[in-house]
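Some notes on the structure that comes next.
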Amino acid sequence: MRSGMARRHRFRIAGLSQHVTHRGNNRMDIFRSEDDYDVLVAMLRQAAVAKEMDINTYVLMRNHFHLLVTPRRPTAVEEAMHDACGAY
């Protein structure tokens, strides 16, 4: 556990593919029904289009998800994730 340590800063390079993960608080489930998966995917797609980020592939699990994304602008990843995860 990295107690007290801040997360490393993400590289902000347009065109550089990045692995992004998001986990529920205390590893709690973030998806409770099959519909929840569809809702998150729709929100991620909407945010990706709006913030100019390509989603290359994704894996959704009950308490977390992984994305492989390619931003077309330097700040696209953080903006898209903020919008999608904040709305979800």
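The values are calculated or read from the model by the stated rules, or taken from the named source; none is laboratory data. From a predicted model like this one, the values you see are computed outputs, not experimental measurements. Cβ placement follows ideal geometry from the backbone for every residue including glycine, while neighbour counts extend to all protein chains displayed. Side chains are part of the model used for accessible areas, which takes the heavy atoms of the whole protein and leaves out ligands, DNA and RNA. Shrake-Rupley method; radii C 1.70, N 1.55, O 1.52, S 1.80 Å.
In order along region 11-19, the Karplus-derived 3J(HN,Hα) couplings, from 6.51 cos²θ - 1.76 cosθ + 1.60 at θ = phi - 60°, round to 5, 10, 10, 4, x, 8, 5, 9, 8 Hz, and Gly and Pro are given as x.
Computed over protein heavy atoms with a 1.4 Å probe, the carbon and sulfur contribution to the accessible area of the chain reaches 51%.
Helices in the chain, meaning DSSP H runs of at least 4 residues, each add -39500 (n - 2.57). Divided by all residues, the mean residue ellipticity at 222 nm is -11000 deg cm²/dmol. Multiplying the residue separation of LEU60 and ARG12 by 0.36 nm and removing their Cα-Cα distance gives an extension gain of 14.9 nm. Of the residues ALA80, PHE11, MET61, the one whose Cα sits farthest towards the positive end of the charge dipole of the chain is PHE11 (charges of +1 on Lys and Arg Cβ, -1 on Asp and Glu Cβ, taken about the Cα centre). Think of each Lys and Arg Cβ as +1 and each Asp and Glu Cβ as -1; about the Cα centre, that makes the dipole of the chain roughly 540 debye. In this structure the chain gives 72 Å² per residue of accessible area when probed at 1.4 Å with all protein chains present. The amide H of ASN63, built 1.01 Å from its N in the peptide plane, has ILE30 as neighbours under 5 Å, considering only residues 5 or more places off or on other chains.
Calculated from the structure at hand, log10 I(q)/I(0) by the Debye sum over Cα atoms at q = 0.10, 0.15, 0.24 Å⁻¹ is found among [x] -0.25, -0.57, -1.25; [y] -0.21, -0.49, -1.22; [z] -0.42, -0.84, -1.14 as [x].
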